[in-house]
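K.L.:
Here it is, the structure, as structure tokens.
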Amino acid sequence: MDLSNLKPAEGSTKNRKRIGRGQGSGRGGTSTRGHKGAKSRSGYSRKIGFEGGQMPLYRRLPKFGFKNINRIEYSAINLDTLNNLAEAKNIIDITIDVLKENGLISMNDKVKVLGRGELKAKINVSAHAFSSTAKTAIEAQGGTITII
């Protein structure tokens, strides 16, 4: 066996249909597109959601809801996460930079501290927002909160 007698497996390759090459080819004339209609024209592309002229689904359904352009999106950090961080790294002051270094938030995230879990360590937390349960839990342990 050498390169001169290599062939693809039997039935694995097919000849491509050469369309629009005259009547004698059997695929001339309309070039397999049928007669008339949008699909027979050059440059045809069907709109996304087109249903053959029937009113499309996206137009049959009513519009609803809105996007609040003034919404502030926060990354949520819970008390149990802060507690684990404080115990593992022996950190008392938890700031935005500390959370970034430990991979809990991304570059420009705003942080809201939420009250899930139990806080055992005394910590000083600075964040953009706090839930009421998180505030009371941090202050109950003797820690302080700072709103940025």
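The values are calculated or read from the model by the stated rules, or taken from the named source; none is laboratory data. Computed from a predicted structure; not experimentally measured. Quick reminder, even Gly has a Cβ in these numbers, built from the backbone with ideal geometry, and neighbours come from all protein chains shown.
K.L.:
State all residues of the range 113-148 that are crowded, with 18+ Cβ neighbours inside 10 Å, in contact with a strand residue (DSSP E or B) (Cβ under 7 Å, 6 or more places away or on another chain), assigned to a loop (DSSP other than H, G, I, E, B) and in contact (Cβ under 8 Å) with a residue 40 or more places away in the chain; if no residue qualifies, say none.
P.N.:
Hit for the range 113-148 is Ile123, nothing else.
K.L.:
Now for a different question. Is it true that some residue in the range 22-29 is in a helix (DSSP H, G or I), out of contact with any strand residue (DSSP E or B) (no Cβ under 9 Å at 6 or more places or on another chain) and either surrounded by 10 or more Cβ atoms within 10 Å (Cβ to Cβ) or touching a residue at least 60 places away in the same chain (Cβ under 8 Å) (or both)? Before the answer, list the steps.
P.N.:
Of all residues in the range 22-29, those in a helix (DSSP H, G or I) come to 23-25.
Next, only the ones that are out of contact with any strand residue (DSSP E or B) (no Cβ under 9 Å at 6 or more places or on another chain) stay: 23-25.
Remaining after also requiring either surrounded by 10 or more Cβ atoms within 10 Å (Cβ to Cβ) or touching a residue at least 60 places away in the same chain (Cβ under 8 Å) (or both): 25.
Within the range 22-29 (the criterion being in a helix (DSSP H, G or I), out of contact with any strand residue (DSSP E or B) (no Cβ under 9 Å at 6 or more places or on another chain) and either surrounded by 10 or more Cβ atoms within 10 Å (Cβ to Cβ) or touching a residue at least 60 places away in the same chain (Cβ under 8 Å) (or both)), the answer is yes, since at least one residue qualifies.
K.L.:
Applying the selection to the range 1-33, what residues are in contact with a Ser or Thr (Cβ under 6 Å, 6 or more places away or on another chain) and not basic (Lys, Arg)?
P.N.:
Within the range 1-33, Ile19, Gly20 meet the criteria.
Let's see how each residue does on (1) of a type outside the set (Gly, Ala, Ser); (2) surrounded by 14 or more Cβ atoms within 10 Å (Cβ to Cβ):
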{"residue": "Gly49", "(1), (2)": "no, no"}
{"residue": "Gly52", "(1), (2)": "no, no"}
{"residue": "Tyr58", "(1), (2)": "yes, no"}
{"residue": "Leu61", "(1), (2)": "yes, no"}
{"residue": "Arg71", "(1), (2)": "yes, no"}
{"residue": "Ser75", "(1), (2)": "no, yes"}
{"residue": "Leu82", "(1), (2)": "yes, yes"}
{"residue": "Leu85", "(1), (2)": "yes, yes"}
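K.L.:
Given the criterion closer than 30 Å to Ala129 by Cα, within 22 Å of the chain's Cα centre (by Cα), part of a loop (DSSP other than H, G, I, E, B) and touching a residue at least 12 places away in the same chain (Cβ under 8 Å), identify the matching residue among Ile69, Ile105.
P.N.:
The conditions single out Ile105.
K.L.:
Within the range 76-87, can one find any residue that is farther than 21 Å from Gly142 by Cβ, at pLDDT 90 or above, of a type outside the set (Lys, Arg) and out of contact with any Phe, Trp or Tyr (no Cβ under 6 Å at 6 or more places or on another chain)? I'd like the intermediate steps shown before the answer.
P.N.:
Within the range 76-87, the subset farther than 21 Å from Gly142 by Cβ is 76.
From the residues that got through so far, the ones that are at pLDDT 90 or above too are 76.
So of that shortlist, the ones also of a type outside the set (Lys, Arg) come out as 76.
So of that shortlist, the ones also out of contact with any Phe, Trp or Tyr (no Cβ under 6 Å at 6 or more places or on another chain) come out as 76.
Looking for residues that are farther than 21 Å from Gly142 by Cβ, at pLDDT 90 or above, of a type outside the set (Lys, Arg) and out of contact with any Phe, Trp or Tyr (no Cβ under 6 Å at 6 or more places or on another chain), one finds at least one in the range 76-87, hence yes.
K.L.:
Let me ask something else. From the list Lys17, Lys100, Lys110, Lys36, which one is at pLDDT 90 or above and surrounded by fewer than 10 Cβ atoms within 10 Å (Cβ to Cβ)?
P.N.:
Working: Lys17 fails: surrounded by fewer than 10 Cβ atoms within 10 Å (Cβ to Cβ); Lys100 fails: surrounded by fewer than 10 Cβ atoms within 10 Å (Cβ to Cβ); Lys110 fails: surrounded by fewer than 10 Cβ atoms within 10 Å (Cβ to Cβ).
Checking each option against the conditions leaves just Lys36.
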